[in-house]
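Take a look at the structure set out below.
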Amino acid sequence: MNQALVRREDLNVDNTLIQNIAAYSLQDASYWSFKGRSKRNHCHGLIQYPAMMVPEMQGELIDAIQSVDPNITTVFDPFVGSGTTMGESMMRGLDFVGHDINPLAILACEVKSGPLYVKKLNDKISDLLSAIELSNSNEVAVNFKGIDKWFLKEIQLELSSIYLAIKAEPSKWARKIFWLALSNTVRSTCNSRSSTYKLHIKSEEQIEKIGSAKVIFKKNLLKSFENIKAHKEMLTKNGHLKRSKSVSKVSIKNVDAKLRKKSKQKFDLLISSPPYGDNSTTVTYGQFSYLPLQWIDLSDINEKIDPSILSYQNAIDSSSLGGSLKESEDKRLKLINRSSSLDICIEKILKVNPENIKKLVSFVYDLDLSLKNAIDELRDNAYMIWTLGNRRISDIEVPLDKIMRELLESRGCTYVYEIERTIPSKRMASRNQIASTMGKESVLIMRR
Ligand SMILES: C[S@@+](CC[C@H](N)C(=O)[O-])C[C@H]1O[C@@H](n2cnc3c(N)ncnc32)[C@H](O)[C@@H]1O
């Protein structure tokens, strides 16, 4: 077929897609902010994870793409986090592949993906709660550097009773649900503040107010049960459940996006939200997960998880995008002329604080490697939906949306559309000298 004709056809499809997406906000310019219209319930209520996307928004974007590209069967998210895109894909009966470097994200996605044996789960929860009620551990079941700093002794003993009772549960699918409820419990019973994702010790008064881990765990587990039940009901209602399992084939892998990991299949649609900068100065997903992961049997998440990822509290963050500042000058040279917006931003920051360039360059370099790996996994003409935030460095805005667009264009992808939305309540890193918070994000739509 004539190449020009193919191109024109693609452009027509893009134009229809743009019209369909624009139609949502015709009556209400702030439509995509989802203020007061978004709820994290059913599978989306199973974990509190930093910088989660709005489920309804991702769902509506999938619908818009499907309306112009009805042959979509597989969705890919290389930075899957808590699995917002996965939950919305499952709601539509789509197959899904998700990757993340953080084992806690993998656990959350595995629980969301099922199986959803609600009746059996109900019985297992009763047994587990009775076992925990009866057990009074007088030995601490786990050990790691800083345990006495981050947990009161009585909390360590209560968490140990829960930990040992979960280990005694024979079914792995049930243990995973219990570990996830325990991870939420660890976050609320540790001595680190809940107002920040970074590990930051609470005041003495706040520590005195920490409640019983057993009581909090019970509450969390019962809430998880309700969410799993609702998730199952939603899938049944949508006709996407068969014998307590979602009809979607779901695969979740603990993978570093910047390293090559070739899949056997080509995906039809990419929906993702990468980090907006290096973890240490934007969102510390690793520090957020460090304490919960110490109380989880990692082999239940994945036999291959390298335990060194928990050897110190910054280990996950250092392996994440932009975590290594090594050879930053080389990285800068390799990025030059790939994105004019990046070049301009580097020049501006150089004038104010040259040291901060290393962080920006290392992050964009890793992001670019991840983009290359991600687009290699897509079929021709596959759409990509990237939710992105423009952070500030040295009080200068880093236009990640423009940088991403230019990097993707330099790899042969086509720009389709961009939505800008205000974030009503997304919790971001607190202001510090290097980065500052933001109240807007962009949704960049491109085509491979
Ligand atoms: C913005 S969050 C994704 C949140 C997700 N969209 C949600 O709704 O929960 C970005 C994710 O990228 C992950 N990440 C950071 N560096 C990574 C890397 N090198 N490889 C894979 N995942 C990485 C983080 O662990 C985090 O879960």
- Looking only at GLU418, GLU377, GLU204, which one moves most when the chain is put into a Gaussian network model with springs between Cα atoms under 10 Å? GLU204
- Task: DSSP loop (so not H, G, I, E, B), at most 15 other Cβ within 10 Å: list which GluC sites (Glu not before Pro) in the stretch 316-357 pass both filters.
- Result: GLU327
- Theoretical ellipticity at 222 nm over the chain - DSSP helices of four or more residues, -39500 (n - 2.57) apiece, nearest 500: -14500 deg cm²/dmol
- Task: Can you tell me the order of 21-32, 382-393, 279-290 when each peptide is scored by its average per-residue count of other Cβ atoms within 10 angstrom, highest first?
- Result: 279-290, 382-393, 21-32
- Task: Counting only C-alpha contacts under 8 Å and six or more residues apart, can you give the relative contact order of the chain as a whole percent?
- Result: 19
- Residues ILE271, ILE72, ILE162, sorted so that the one with the fewest Cβ neighbours within 10 Å comes first: ILE72, ILE271, ILE162
- Item | Degrees separating the helix 340-352 axis from the principal Cα axis of the chain, which is the longest one | 70
- Item | Rg/Rg_ref, the stretch 114-232, where Rg_ref = 2.2 N^0.38 Å and atoms are Cα | 1.10
- Mind checking the angle between helix 3-24 and the chain's longest principal axis? C-alpha axes, 0 to 90 degrees, to the nearest 10. 50
- Query: Nearest-5 percent of antiparallel DSSP beta bridges in the chain?
  - Reply: 55
- Message: Given Cβ point charges of +1 (Lys, Arg) and -1 (Asp, Glu) and nothing else, what value in debye, to the nearest 20, does the dipole of the chain about its Cα centre take?
- Response: 580
- Query: Starting at 0 and stepping by 10 Å, how many percent of the alpha carbon pairs of the stretch 85-162 end up in each bin?
  - Reply: 15, 27, 31, 22, 5
- Query: Along the positive direction of the dipole of the stretch 266-403 (beta-carbon charges: Lys, Arg +1; Asp, Glu -1; about the Cα centre), which of ASN337, LEU388, LEU369 reaches farthest?
  - Reply: ASN337
- Task: Going by C-beta contacts inside 10 Å, put SER328, SER246 in order with the fewest on the left.
- Result: SER328, SER246
- Task: Once you've got the GNM for the chain with C-alpha springs shorter than 10 Å, pick whichever of LYS258, LYS214, LYS348 has the biggest mean-square fluctuation.
- Result: LYS348
- Query: Efficiency by 1/(1 + (r/R0)^6): what FRET value for SER263 and ASP123, r their Cβ-Cβ distance, R0 = 25 Å, to the nearest 0.05?
  - Reply: 0.10
- Note on the structure: Expressed in angstrom and ordered largest first, the alpha-carbon extents of the chain along the principal axes are 72, 54, 43
- Query: Based on the Cα gyration tensor of the stretch 1-98, what are the three equivalent ellipsoid semi-axes, each the root of five times an eigenvalue, rounded to whole Å and given largest first?
  - Reply: 28, 19, 10
- Item | Gaussian network model of the chain, Cα within-10 Å springs - most flexible of LEU269, LEU221, LEU333 | LEU333
- In what sequence do CYS345, CYS190 fall when counting other Cβ within 10 Å, fewest first? CYS345, CYS190
- Message: Net charge within 10 Å of PHE178 by Cβ-Cβ distance, Lys/Arg positive one each and Asp/Glu negative one each, not counting PHE178 itself?
- Response: +2
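FYI, it's all coordinate maths here, none of it is from the lab. Just so we're clear, the structure is a prediction, and the values are computed from it rather than from any experiment. Glycine also receives a Cβ, built like all others from the backbone with ideal geometry; neighbour counts cover every protein chain displayed.
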